[in-house]
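Heads up, the thing below is written out as structure tokens.
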Amino acid sequence: MALDAVIFDLDGTLIDTNPAHVEAWRRAFEACGYKVPPDRIAVEIGKGGDFLVSAVLGQSAEKEHGERLRKLSADAFLDVAREQHFRLMSGAEELLARLRERGLRLALATSSKVKHLKATWDSLGLDLTKRFDAVINADDAERTKPAPDLVHAALDKLGLFPAQCAMVGDTPYDGQACTQAGVACLAVLCGGNSAGPLLRAGARGVWRDPADLAAHLDEALRVASPGPTHWTRERAEALMREALAVAREGAARGEWPDGCVLVRADGSVLARAHSEVRCGGNPAAQSALVALARAEAGPNLVLVSTLEPTVLATGAAVAAGVALAIFGVTSPLEDNARRVRPSETGDSPLPVLVGGVLTDEVRKMLYEHAETCDNDSEVALARRFAEAAGG
């Protein structure tokens with residue numbers, strides 16, 4: 001088990017508050033003249049108000065009433081919290097305690113504001129704040145889920161690389177946020193969502209509730225871990241420098257500047273490769289595909305690539321047993337790894353994708369290629385990749 005921390009969603013995961021949020025939004029919509037059935041609201045719970053209003057009512061209503069609806073909902077939640085007595089999900093405290101026993105750090109990431117967190121603790125009759133090493137709330141993130149901002153904020157407060165963490169959540173929006181942040185998501189059903197949508201959103205596995213997760217903790221941590229190696233940022237950057245060196249070798253031979261290093265679960269290198277499209281005359285000879293073809297399949301392989309893998313490379317990575325794909329620059333093309341969707345069954349899970357490793361160095365290489373390449377379309381493509389990465 002190579003994880004160092006677990007991040008937790010709050011509502012619907014640790015505390016049974018999703019129905020309270022549904023009721024708060026129902027009251028807010030009604031106050032603005034909208035009759036929205038609770039079941040229509042329920043499927044959007046897990047998103048913050050910055051996404052929920054437009055999802056339920058559309059962009060025109062968001063422009064006209066969005067701010068007022070969010071304020072009304074926030075006020076209504078405080079009323080509901082006073083009216084009700086919230087309860088912990090079954091096994092919530094046990095799960096936190098067992099993770100502590102294993103030496104894992106814990107973070108709470110919620111889009112609630114401080115006053116709503118306090119109202120939650122008051123209604124529950126228990127303040128869980130001291131159970132966590134870091135608490136992330138609405139003030140720490142510009143956007144709420146399904147955007148990855150809250151997860152990024154948790155990683156920053158913990159000081160950890162995404163591959164060192166997993167997150168426990170109950171909605172597809174938790175899965176989507178984790179996928180974008182490069183963090184493995186473990187899902188629970190107690191918030192009211194079924195397994196299919198959670199798996200399609202990227203969850204690595206699904207359990208009934210925190211009690212079920214605690215009872216199967218070894219399995220859950222294995223599913224969330226990229227093998228036995230702790231994939232710190234330092235380790236990822238060292239291998240990215242190898243991938244950059246290979247990419248430059250390929251570029252010197254007239255190839256597209258993409259390099260890849262494939263490593264075993266223990267971190268030892270299996271293969272290094274650059275693109276061989278031109279020298280081999282094979283348009284499918286992308287660096288990742290060349291590296292995968294040179295190595296035997298195995299569990300928990302890690303693929304380190306200067307550029308985000310393509311759809312084709314991602315499919316090959318799944319077949320080969322790649323658990324973690326680390327890359328430097330996100331592809332601006334539609335043919336990229338994030339276009340691949342997980343299966344509803346959870347079979348053959350996609351690799352956890354962690355981008356943004358040595359991005360500036362990869363961008364520099366792309367700009368250098370654009371300066372020396374005599375192929376106008378390739379020059380434009382190299383600049384497009386570099387600019388999409390923040391240049």
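Some observations on this one:
- Any hit, segment 98-107, residues being among the small types (Gly, Ala, Ser), under 24 Å from residue 144 (Cβ atoms) and surrounded by 14 or more Cβ atoms within 10 Å (Cβ to Cβ): yes
Listed here are the residues, each with its yes/no results for (1) touching a strand residue (DSSP E or B) at 6+ places or on another chain (Cβ under 9 Å); (2) in contact (Cβ under 8 Å) with a residue 24 or more places away in the chain.
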site: 119; (1), (2): no, yes
site: 125; (1), (2): no, yes
site: 142; (1), (2): no, no
site: 146; (1), (2): yes, yes
site: 169; (1), (2): yes, yes
site: 175; (1), (2): yes, yes
site: 180; (1), (2): yes, yes
site: 200; (1), (2): no, yes
site: 217; (1), (2): no, yes
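- Qualifying residue in segment 359-368 (condition: modelled with pLDDT of 95 or more, within 20 Å of residue 240 (Cβ to Cβ), touching a Leu at 6+ places or on another chain (Cβ under 7 Å) and surrounded by fewer than 21 Cβ atoms within 10 Å (Cβ to Cβ)): yes
- For segment 317-366, the set of residues classified as hydrophobic (A, V, I, L, M, F, W, C) and more than 20 Å from residue 204 (Cβ to Cβ) consists of 329, 333, 357, 358, 362, 365, 366, listed by residue number.
- All conditions but one from (1) surrounded by fewer than 24 Cβ atoms within 10 Å (Cβ to Cβ); (2) farther than 30 Å from residue 308 by Cα; (3) out of contact with any Phe, Trp or Tyr (no Cβ under 8 Å at 6 or more places or on another chain) apply to residue 207; the one that does not is (1).
- The one condition in (1) over 21 Å from residue 381 (Cα atoms); (2) β-branched (Val, Ile, Thr); (3) not in a helix (DSSP H, G or I) that residue 318 fails to fulfil: (3)
- Of all residue pairs spaced 6 or more apart or on separate chains, those with beta-carbon atoms under 7 Å, a first member in segment 273-300 that is assigned by TED's automatic domain parsing to the domain that holds residue 314 and a second member that is surrounded by 13 or more Cβ atoms within 10 Å (Cβ to Cβ) and among the basic types (Lys, Arg) are 291/272; 298/264.
- Members of segment 130-164 found to be within 20 Å of residue 44 (Cβ to Cβ), small (Gly, Ala, Ser) and assigned to a loop (DSSP other than H, G, I, E, B), listed by number: 141, 147
- Restricted to segment 210-233, and to residues there that are farther than 16 Å from residue 4 by Cα and in contact with a Phe, Trp or Tyr (Cβ under 8 Å, 6 or more places away or on another chain), the residue that is surrounded by the most Cβ atoms within 10 Å (Cβ to Cβ) is 213.
- In segment 219-238, the residues that are free of Cβ contacts under 8 Å to residues at least 60 places away in the same chain and of a type in the set (Lys, Arg): 235
- Answer from 99, 158, 106, 150 - the residue that is in contact with a Phe, Trp or Tyr (Cβ under 7 Å, 6 or more places away or on another chain), at negative phi, touching a residue at least 24 places away in the same chain (Cβ under 8 Å) and not assigned by TED's automatic domain parsing to the domain that holds residue 329: 106
- Flag for residue 157 being touching a helix residue (DSSP H, G or I) at 6+ places or on another chain (Cβ under 9 Å) and basic (Lys, Arg): yes
- Under the condition of being under 17 Å from residue 12 (Cα atoms) and in a helix (DSSP H, G or I), the residues counted in segment 165-188 number 7.
- Condition met for residue 317 (over 13 Å from residue 258 (Cα atoms), in contact with an Asp or Glu (Cβ under 6 Å, 6 or more places away or on another chain) and buried (at least 18 other Cβ atoms within 10 Å of the Cβ)): no
- Any chance residue 314 is of a type in the set (Ser, Thr, Tyr) and without any contact (Cβ under 8 Å) to a residue 60 or more places away in the chain: yes
- Residue count for segment 251-264 under the criterion of being crowded, with 24+ Cβ neighbours inside 10 Å and of a type in the set (Gly, Ala, Ser): the result is 1.
- Elements of type helices (runs of 4 or more DSSP H) contained in segment 1-102, each with 2 or more residues being under 30 Å from residue 156 (Cβ atoms) and of a type in the set (A, V, I, L, M, F, W, C): 18-31, 49-57, 59-83, 92-101
Residue-wise test of (1) in contact with a Ser or Thr (Cβ under 6 Å, 6 or more places away or on another chain); (2) more than 17 Å from residue 51 (Cβ to Cβ); (3) at pLDDT below 95.
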{"residue": "121", "(1), (2), (3)": "no, yes, no"}
{"residue": "130", "(1), (2), (3)": "no, yes, yes"}
{"residue": "138", "(1), (2), (3)": "yes, no, yes"}
{"residue": "144", "(1), (2), (3)": "yes, no, yes"}
{"residue": "171", "(1), (2), (3)": "no, no, no"}
{"residue": "184", "(1), (2), (3)": "no, yes, no"}
{"residue": "189", "(1), (2), (3)": "no, yes, no"}
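The values are calculated or read from the model by the stated rules, or taken from the named source; none is laboratory data. A quick note: this is a predicted structure, and the numbers were derived from the prediction, not measured. For neighbour counting, all protein chains shown are included, and Cβ atoms are generated from backbone atoms with ideal geometry for every residue, glycine included.
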